[in-house]
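Have a look at the structure below before the remarks.
The values are calculated or read from the model by the stated rules, or taken from the named source; none is laboratory data. Note that the coordinates shown come from a computational prediction; the quantities given were computed from them, not determined experimentally. Counting neighbours? That spans all protein chains shown, and the Cβs are built from the backbone with ideal geometry, glycine included.
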Amino acid sequence: MEEPDKDSRPGTRMRILLRQLCPAPGPAALTTIPTSAQVAAVNPTRFRYTLDNNLLTPDQRQFYDENGYVVIKNLVSDEDIERFRDEFMKICKKEVEVPPGLIIMRDVAIAKSEFVPDQKAVTKLQDFQEVGELFRYCTLPQILKYVECFTGPNIMAMHTMLINKPPDSGKKSSRHPMHQDLHYFPFRPADCIVCAWTAMERIDRSNGCLVVLPGTHKSSLKQHDYPNWEGGVNKMYHGVRDYNENLPRVHLVMERGDTVFFHPLLIHGSGMNRTQGFRKAISCHYASADCHYIDVKGTSQENIENEVIEIARRKYGVEAAISLKDVWKLRARLVEGERTNL
Ligand SMILES: O=C(O)CCC(=O)C(=O)O
């Protein structure tokens, strides 16, 4: 006999339905806003942002609702982290063949210096969905169990990164400007998207930990641009144009294996790496497969759309019209449940 679909649990279905009806506010939110009667009818729990699969405690759910992030200690084993690190080093040293979709990014301060085939030249690997050894991160059962609390049971891995923050060259370009990840995403609703970010070593203020502005996930998507930094800014590192700089900041000090799950509207960034080591973290943005693509033309996201399409054209030598949705459809991978939409 077929097992009943987890999605058919009334609570789960209702929350997903509610999120389809109720996108995060913002210029690019295109679906209809429910009436208060609809909300009351389909919102049976007191938590807006999480589903219950007996994993997050009520306190953790409350914390996420209020702050937009939750840190889970010691979620990824040393052994797995060593494997990710080994694969990363092999890619840097060109010891393995890499798939065409992988983007290898360099720090602006290093990009123009003499090329050395090791990690010094690489600041970030992006879109590693075809690198099996790294993509294992996105399929780790203990991560997916948490992800399900945010996305429901049909889970897509949408965007993957291994960030290798280099020692700052003195130009402060190792910083990551404060931003909302939703700026990069042409899919909604925002509440069905979550980032898992795992520290691959102890990360604190000395080597550039994540900095978050708690509660900003409740705000709308803001205009992003390249910040006007004297020492240069890395490619695609857009920052929020205006935000209240007086809002309290939290520096997330994390040990190796600790994982933070955060909402795509949470304003966050990371500081300079003042040490001589390369600070590593691995991350994946997940979304419910029930999300839908939106057209970002005419919205604040048009600038990133143009940039991403230009990069994809150059990378694949595509002359024909290619849309942002095409790029994302190519990246996206089902990791659990059914590929219903995305
Ligand atoms: O790992 C970091 O330094 C920040 C990463 C980040 O926020 C991003 O790439 O969106």
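Tell me which residues, restricted to segment 235-262, are assigned to a loop (DSSP other than H, G, I, E, B), closer than 25 Å to Ile304 by Cβ and touching a strand residue (DSSP E or B) at 6+ places or on another chain (Cβ under 7 Å).
Within segment 235-262, Lys235, Tyr237, His238, Arg241, Tyr243, Arg249 qualify.
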Can you name every residue in segment 164-190 that is charged (D, E, K, R) and farther than 21 Å from Thr216 by Cβ? Lys165, Asp168, Lys171, Lys172
Looking only at segment 253-265, count how many residues are near the ligand (Cβ under 10 Å from one of its atoms) and within 10 Å of Val212 (Cβ to Cβ). 1
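Based on this model, can you work out whether Ser206 counts as within 16 Å of Thr123 (Cβ to Cβ) and in contact with a Lys or Arg (Cβ under 6 Å, 6 or more places away or on another chain)?
On the way: within 16 Å of Thr123 (Cβ to Cβ): no; in contact with a Lys or Arg (Cβ under 6 Å, 6 or more places away or on another chain): yes.
No; evaluated as a whole, the condition is false for this residue.
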Selection from segment 64-97 of residues without any contact (Cβ under 8 Å) to a residue 60 or more places away in the chain and not in a helix (DSSP H, G or I) yields Lys93, Lys94, Glu95, Val96, Glu97
Read through the list (1) within 28 Å of Arg61 (Cα to Cα); (2) more than 16 Å from the ligand (Cβ to nearest atom); (3) surrounded by 14 or more Cβ atoms within 10 Å (Cβ to Cβ), then give the number of the only condition that His285 fails. (2)
Within segment 271-280, is even one residue in contact (Cβ under 8 Å) with a residue 40 or more places away in the chain, closer than 28 Å to Ile203 by Cβ and away from the ligand (no atom under 15 Å from the Cβ)? yes
Residues being assigned to a strand (DSSP E or B) and away from the ligand (no atom under 13 Å from the Cβ): count how many of those fall in segment 159-193. 2
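Results for (1) out of contact with any Cys (no Cβ under 7 Å at 6 or more places or on another chain); (2) surrounded by fewer than 17 Cβ atoms within 10 Å (Cβ to Cβ); (3) modelled with pLDDT of 95 or more, shown as yes or no for each residue.
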site	(1), (2), (3)
Thr35	yes, yes, no
Gln38	yes, yes, no
Asp52	yes, yes, no
Leu55	no, yes, no
Val76	yes, no, yes
Arg106	yes, no, no
Ala111	yes, yes, no
Leu125	yes, no, yes
